[in-house]
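The values are calculated or read from the model by the stated rules, or taken from the named source; none is laboratory data. Computed from a predicted model, the values in this text were never measured in an experiment. Because the Cβ atoms are built from the backbone with ideal geometry, glycine has one as well, and the counts that use them run over all protein chains shown.
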Amino acid sequence: MLFVCRGTAVTMKNMLEIAFPGTEVILSNYPPSLPKRLLSKLVPVAQIGVIGVVVAGEQIFPMLGFAAPPPWYFNLRANKFGTVASTWLLGNALQSFLQSSGAFEIYFNGELVGAFLPSFIFLYLLVHISLLVELVIFLFGK
């Protein structure tokens, strides 16, 4: 049996092995889509760029041809620690979100028994909710 998910995968694996003795549960990562993978590769570049500007902006901006750093730079520089920490934490959270698909598949004896891709369900719900909103607007006006 193959079960792929994120978060509580080990707990689910233990529960399945207890509920069905002799069953082998294999956990593995389900790859995210190509755009999410590419964006997740750009996040560390942006992090290093922001940290580099905060730490060495006074040298970087003249090399780029700016006579004086832009006004937003002084706000970032005033709180260097907060800016660097926020950039690091938010960048890591974004990268983690982009690298996880949240999908799982269940195989039994080499046969696909069930699959769950949350992105498809989200799109399905989004389309139905938007249709419902349009219907309510049509029936009751704005």
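Would you point out the residue of the range 16-71, among those that are part of a loop (DSSP other than H, G, I, E, B) and among the β-branched types (Val, Ile, Thr), that is nearest to VAL84 (Cα to Cα)?
Start the filter on the range 16-71 by keeping residues that are part of a loop (DSSP other than H, G, I, E, B), which leaves 20-25, 27-33, 64-70.
Those still in the list that are among the β-branched types (Val, Ile, Thr) too: 23, 25.
Working: THR23: 47, VAL25: 41 Å.
Among them, the one singled out is VAL25.
Can you find, within the range 1-41, the residue that is surrounded by the fewest Cβ atoms within 10 Å (Cβ to Cβ) among those that are of a type in the set (Gly, Ala, Ser) and modelled with pLDDT under 75?
Pass one, the range 1-41, residues of a type in the set (Gly, Ala, Ser): 7, 9, 19, 22, 28, 33, 40.
Remaining after also requiring modelled with pLDDT under 75: 7, 9, 28.
On the way: GLY7: 9, ALA9: 16, SER28: 12.
Ranking the qualifying residues of the range 1-41, first place goes to GLY7.
Taking the conditions exactly as written (in the same structural domain as GLY22 (by TED's automatic domain parsing), hydrophobic (A, V, I, L, M, F, W, C), under 28 Å from the mean Cα position of the chain (by Cα) and modelled with pLDDT of 70 or more), does LEU117 satisfy them or not? Answer is no for this residue.
If you go through the range 97-106 one residue at a time, do you hit one that is assigned to a loop (DSSP other than H, G, I, E, B) and acidic (Asp, Glu)? Full working, then the answer.
Within the range 97-106, the subset assigned to a loop (DSSP other than H, G, I, E, B) is 100-103.
Within this subset, residues satisfying the condition of being acidic (Asp, Glu) are none.
No.
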